[in-house]
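Asker: Just passing along the structure, written as structure tokens.
The values are calculated or read from the model by the stated rules, or taken from the named source; none is laboratory data. In this text the structure is predicted, and so the values were computed from the model without any measurement. Cβ sites come from the backbone with ideal geometry, for glycine too, and all protein chains shown count toward neighbours.
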Amino acid sequence: MKRSRNSLPFRISLVFLLSTLLIEGVLFLLLYHTLLGERVVEEINRLESRAESHASVLAMNFSEETIDHVATMESETDTKVAITDPTHHLLQTSRFFPQVLADTVDSKKQTGPFDDTTVLEDDWENEPYLSVRTPITDDTDRRYGYVYMFLPTEIIHGISHRLQWRFLYITAIALVTTVLTFILLSRLISKPIQSLKQATENVLTNPDDLRLPTNRVDEIGELARAIESMSVELSRLRRERRQFLSDLSHEIKTPLTYLRGYAEIASKESTPESLRKQSIQTILDESRSLTELVENAFQLAQLDENTFLLHREEVTVTTFCADLRRMLDTMFRMTTVHFDAAPNAGQQDIALTLDRHRMLQVFRSIAHNAIEHSEASHVSLRSNVTDTHLILTITDNGKGIPEKDLPHIFDRLYRVEKSRSRQTGGSGLGLAIADQIVNRHGGELTVTSDASGTSFTIMLPLDKKTPIL
């Protein structure tokens, strides 16, 4: 019961009922007082008109015959009439004239004014009759007496009762409508929301088996489509995570196998000294590779959880490019690959805010791929400054990357050559980390490749367009 009271359809239905009753109550009060007030005024005006008409007839011929005629006329209507002399003593009344009206005539004889038509009673709620009085006066201002007219207030009470019953009818209709609204809303809102709730609970356990009302064209349909999109994305992330963990476990298992095998060889007393040295060197190499793999995996985990910190500092484009050229010169000096970097001729010292260590790590990963996997003989670095970005491009003349592999080179643990070993293929995490580092700087890392070579382009946003003085 408590749950149904807290449900959205119940609350909407309750608001609907209260709003209906409030509007109905206000309208009823307005109509009640307006209609009844107008009806009372109308009936009093009718009484005054009839009283003045009778007084006019009697003023022209104030005789017993005329008085009886007037009394007889009013005996056939819902009104009552009393004709008195100038001292308010009754001369004649209509038939079935109750004593209470005779008492009223007696009690009102001192109530003025007496020269004009006077409303003696208009309290229809508490008194049984409305009453007016009109003097019988001819053209010479001779006073013959008075005409008293009475109307039972039960007529107005009947109108009031009919209005009250109609109010009750409307209230009953509002209650029935509220119940129907609650049932309708339960089907249109509550049940779909319950299904959405159950579906979102199942997203964590079985995101591939969702049944949502995505064909609806209302807000619930939009919500269902959003949840479905979230479920699809969650399924994709889960598959990628499982694949990543599977690949990572394989990548870790391989160097561990090497470490164990070569450690056993080095520990045997019968192992020749040259083989022992070779085994120890292999253990050192695999240890470094395993350390690099674990560090890269840890960096990716930090990037995923938004705990990867960038220690930003403001540097000039000239300073950063000089540091970059110096690092790349050092890397390529120990290889057979020729490296050249075009000078930044004419460039002003534009401000650039970045984590210098992390950004150099990006270029280090790109240069490492060019050295180890591109089979290039020449690598170049070009830079350009626009109004909003620093654009850096590393190009090699190697064998290029197959077109089918280009969309995936920033994926984790992805290798262009699936058959190559870790010694030739690396960990497969460097470019994935590089791409995310560039994104964290608000930049963009793109790649183009064909048979003539590969180009990596990095666009970094500038802080300001004015030179640093």
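Asker: Here are the criteria: (1) modelled with pLDDT of 80 or more; (2) assigned to a loop (DSSP other than H, G, I, E, B); (3) buried (at least 17 other Cβ atoms within 10 Å of the Cβ). Tell me which single one residue 412 does not satisfy.
Answerer: Here residue 412 meets the rest and fails (1).
Asker: Is it true that residue 36 is among the aliphatic types (A, V, I, L, M), modelled with pLDDT of 85 or more, closer than 30 Å to residue 166 by Cβ and surrounded by 14 or more Cβ atoms within 10 Å (Cβ to Cβ)?
Answerer: So residue 36 does not fit the description; no.
Asker: Among the residues of region 51-74, are any under 30 Å from residue 162 (Cα atoms) and modelled with pLDDT of 90 or more?
Answerer: Scanning region 51-74 turns up at least one residue that is under 30 Å from residue 162 (Cα atoms) and modelled with pLDDT of 90 or more.
Asker: Let me ask you something else. Residue 36: within 60 Å of the chain's Cα centre (by Cα) and under 30 Å from residue 193 (Cβ atoms), yes or no?
Answerer: Spelling it out, it is not the case that residue 36 is within 60 Å of the chain's Cα centre (by Cα) and under 30 Å from residue 193 (Cβ atoms).
Asker: Is it the case that residue 182 is of a type outside the set (A, V, I, L, M), at pLDDT below 85 and either within 17 Å of residue 59 (Cα to Cα) or buried (at least 18 other Cβ atoms within 10 Å of the Cβ) (or both)?
Answerer: On the way: of a type outside the set (A, V, I, L, M): yes; at pLDDT below 85: yes; either within 17 Å of residue 59 (Cα to Cα) or buried (at least 18 other Cβ atoms within 10 Å of the Cβ) (or both): yes.
The answer is yes for residue 182.
Asker: Among the residues of region 150-158, is any loosely packed, with under 13 Cβ neighbours inside 10 Å and assigned to a loop (DSSP other than H, G, I, E, B)?
Answerer: Looking for residues that are loosely packed, with under 13 Cβ neighbours inside 10 Å and assigned to a loop (DSSP other than H, G, I, E, B), one finds none in region 150-158, hence no.
Asker: Test each condition in (1) touching a Lys or Arg at 6+ places or on another chain (Cβ under 9 Å); (2) within 30 Å of residue 167 (Cβ to Cβ) for residue 81 and report the one that comes out false.
Answerer: Result: residue 81 passes all but (2).
Asker: I need the full set of residues from region 93-140 which are under 29 Å from residue 33 (Cβ atoms), assigned to a strand (DSSP E or B) and aliphatic (A, V, I, L, M), in order please.
Answerer: The answer is 119, 120, 130, 132.
Asker: Considering only region 141-149, I want to know if a residue exists there that is exposed (fewer than 14 other Cβ atoms within 10 Å of the Cβ), assigned by TED's automatic domain parsing to the domain that holds residue 50, without any contact (Cβ under 8 Å) to a residue 24 or more places away in the chain and not in a strand (DSSP E or B). Outline the logic, then answer.
Answerer: The first filter runs over region 141-149 and keeps only residues exposed (fewer than 14 other Cβ atoms within 10 Å of the Cβ), leaving 141-142.
Those still in the list that are assigned by TED's automatic domain parsing to the domain that holds residue 50 too: 141-142.
Within this subset, residues satisfying the condition of being without any contact (Cβ under 8 Å) to a residue 24 or more places away in the chain are 141-142.
Checking the rest, the ones that are also not in a strand (DSSP E or B) come to 141-142.
Yes, region 141-149 contains a residue that is exposed (fewer than 14 other Cβ atoms within 10 Å of the Cβ), assigned by TED's automatic domain parsing to the domain that holds residue 50, without any contact (Cβ under 8 Å) to a residue 24 or more places away in the chain and not in a strand (DSSP E or B).
Asker: I've got another one for you. Scan region 434-448 residue by residue and report those that are polar (S, T, N, Q) and modelled with pLDDT of 90 or more.
Answerer: Hits for region 434-448 are 446, 448.
Asker: Is there any pair linking a residue in region 320-344 that is of a type in the set (Lys, Arg) to one that is part of a helix (DSSP H, G or I) and surrounded by 13 or more Cβ atoms within 10 Å (Cβ to Cβ), with Cβ under 8 Å and at least six apart or on different chains, and which?
Answerer: none
Asker: Under 7 Å by Cβ, and 6 or more places apart or on different chains, what pairs join a residue from region 86-102 that is in the same structural domain as residue 65 (by TED's automatic domain parsing) and surrounded by 16 or more Cβ atoms within 10 Å (Cβ to Cβ) with one that is at pLDDT below 90 and assigned to a loop (DSSP other than H, G, I, E, B)?
Answerer: What qualifies is 88/109.
Asker: Name the one entry in 124, 165 that is touching a residue at least 24 places away in the same chain (Cβ under 8 Å), out of contact with any Asp or Glu (no Cβ under 8 Å at 6 or more places or on another chain) and among the aromatic types (Phe, Trp, Tyr).
Answerer: Testing whether each residue is touching a residue at least 24 places away in the same chain (Cβ under 8 Å), out of contact with any Asp or Glu (no Cβ under 8 Å at 6 or more places or on another chain) and among the aromatic types (Phe, Trp, Tyr) leaves just 124.
Asker: If you don't mind, there's one more thing I want to ask. All but one of (1) out of contact with any Pro (no Cβ under 9 Å at 6 or more places or on another chain); (2) surrounded by fewer than 21 Cβ atoms within 10 Å (Cβ to Cβ) hold for residue 124; state the number of the condition that does not hold.
Answerer: (2)
Asker: A follow-up question, please. Within region 366-384, track down each residue that is surrounded by fewer than 20 Cβ atoms within 10 Å (Cβ to Cβ) and farther than 19 Å from residue 452 by Cβ.
Answerer: Across region 366-384, the qualifying residues are 368, 372, 384.
Asker: Residue 109 - would you say it is of a type in the set (Lys, Arg), at pLDDT below 80 and out of contact with any helix residue (DSSP H, G or I) (no Cβ under 8 Å at 6 or more places or on another chain)?
Answerer: no
Asker: Okay, moving on. Could you tell me whether region 3-25 includes any residue that is in contact (Cβ under 8 Å) with a residue 24 or more places away in the chain and either among the acidic types (Asp, Glu) or in contact with a strand residue (DSSP E or B) (Cβ under 7 Å, 6 or more places away or on another chain) (or both)?
Answerer: So far as region 3-25 goes, yes, one or more of its residues are in contact (Cβ under 8 Å) with a residue 24 or more places away in the chain and either among the acidic types (Asp, Glu) or in contact with a strand residue (DSSP E or B) (Cβ under 7 Å, 6 or more places away or on another chain) (or both).
Asker: Please pick out the residue among 335, 353, 318 that is farther than 22 Å from residue 446 by Cβ, surrounded by 13 or more Cβ atoms within 10 Å (Cβ to Cβ) and touching an Asp or Glu at 6+ places or on another chain (Cβ under 7 Å).
Answerer: Result: 318 is the single residue among 335, 353, 318 that is farther than 22 Å from residue 446 by Cβ, surrounded by 13 or more Cβ atoms within 10 Å (Cβ to Cβ) and touching an Asp or Glu at 6+ places or on another chain (Cβ under 7 Å).
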